[in-house]
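J.: Following this message is one structure expressed as structure tokens.
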Amino acid sequence: MMKVRPRTLPIGWYPESGRECQNRLTAFIAGVKPLAAGAKIYGGVMPHAGWYFSGRLAAQVFYLAAQSGQPQVVCIFGGHLGSGSPPLLVMEDAWETPLGEITLAKEMYQPLQEKITCAREYPGDNTIEIQLPMVKHFFPQAKLLALRAPHSQQAVLLGQAVAAVANDLNLSLLAFGSSDLTHYGPNYGWAPKGYGEAAVKWVKEVNDKKYIDRALKMDTAGVLDAAARDQSSCSAGATAAAISASTAMGAAKGVLIDYYTSYDIMPNDSFVGYAGIIFTG
């Protein structure tokens, strides 16, 4: 019997119906500038807050990647793991979305486990699920490989292993990291620069910028170090894994699609940074 993972996030995270998802996604990508003709994309990074806050940016990353090509497998590296966790692998056969089930790339499970040990990932985290309707919409024929990457060198090894397995099985692949940036304010117990516009400016121009600059340089160690030192990402392992997999497939640089914070949408003493990045040759 096929094992299908059900939706676990409430409707406030993303819409309930397929039609509403499609309508939102169409609006999110309106006016997006296409990349240069012939641009080859290997993966990227997008945020994972609810669609109201960061859906536009995540959709734009997926949309631009889809214009470059339709892979057989889309890999989403989720996060929210500390340095002591092993990588976590979603091991069901399919995953429910409002746009229909996504078939999971279960042919990759055993070969991947032979290269790096992964524990089973259980439902409840948002970092992967929030992206699934977008994957289904922009890559309707692709299978999904879903993993969560820890904040450690294991994330780098995980990305390399995923790229190697795809190559061994002759599967075309895109690799994305699901990562939010600085979590600032009383909701997160961290406000080193006080409150108000000066604090927002510091997050944008200093704290998040250091992390983004390292990601654009495909610097996995720098991403992990910056997040550990500056509290500039809740899921640096996901970024590092996506960089690692993309580099193994031929990516040479990151391109920043856009950056903003939840403060720009709903001003508050507590806010989160969001970056959209694609990895290209």
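The values are calculated or read from the model by the stated rules, or taken from the named source; none is laboratory data. Nothing here was measured: the structure is a model prediction, and the numbers come from that model. Virtual Cβ from ideal backbone geometry, glycine too; neighbours counted across all protein chains shown. Side chains included, ligands, DNA and RNA excluded: accessible areas come from the protein's heavy atoms. Shrake-Rupley method; radii C 1.70, N 1.55, O 1.52, S 1.80 Å.
J.: Roughly what angle does helix 18-28 make with the longest principal axis of the chain, taking Cα atoms, 0 to 90 degrees, to the nearest 10?
T.: Approximately 50 degrees, to the nearest 10.
J.: Once both labels are modelled 7 Å past Cα along the beta-carbon direction, what's the Glu20-Lys217 spacing in nm?
T.: Result: 4.4 nm between the two label points.
J.: If you fit an axis through the alpha-carbon atoms of helix 153-168 and take the longest principal axis of the Cα set of the chain, what angle between them do you get, 0 to 90°, nearest 10?
T.: Taking the Cα atoms of the chain, the angle to 153-168 is about 30 degrees.
J.: Could you do me a favour and compute the accessible area per residue for the chain, 1.4 Å probe, result in Å²?
T.: With all protein chains present, the chain gives 41 Å² per residue.
J.: At a Cα cut-off below 22 Å, give the lysines reachable from Lys210, other chains included and same-chain residues fewer than 8 away excluded.
T.: Correct list for Lys210: Lys193, Lys201, Lys253.
J.: Out of the total accessible area of the chain (probe 1.4 Å, heavy atoms of protein only), what percent is carbon and sulfur?
T.: It is 51 percent, rounded to a whole number.
J.: Another one. Mind checking which aspartates and glutamates have their C-alpha under 16 Å from Lys209, skipping anything on the same chain fewer than 8 residues away?
T.: Answer for Lys209, where 16 Å is the Cα cut-off: Asp180, Asp219, Asp225, Asp230, Asp258, listed by chain and number.
J.: What length, rounded to one decimal in nm, is gained on full extension from Ala27 through to Ile265, with 0.36 nm per residue of separation minus their alpha-carbon distance?
T.: So the extension gain works out to 84.1 nm.
J.: Right, next: Could you work out how far helix 220-230 tilts from the main Cα principal axis of the chain, as a 0 to 90 degree angle to the nearest 10?
T.: Compared with the principal axis, the helix lies near 40 degrees.
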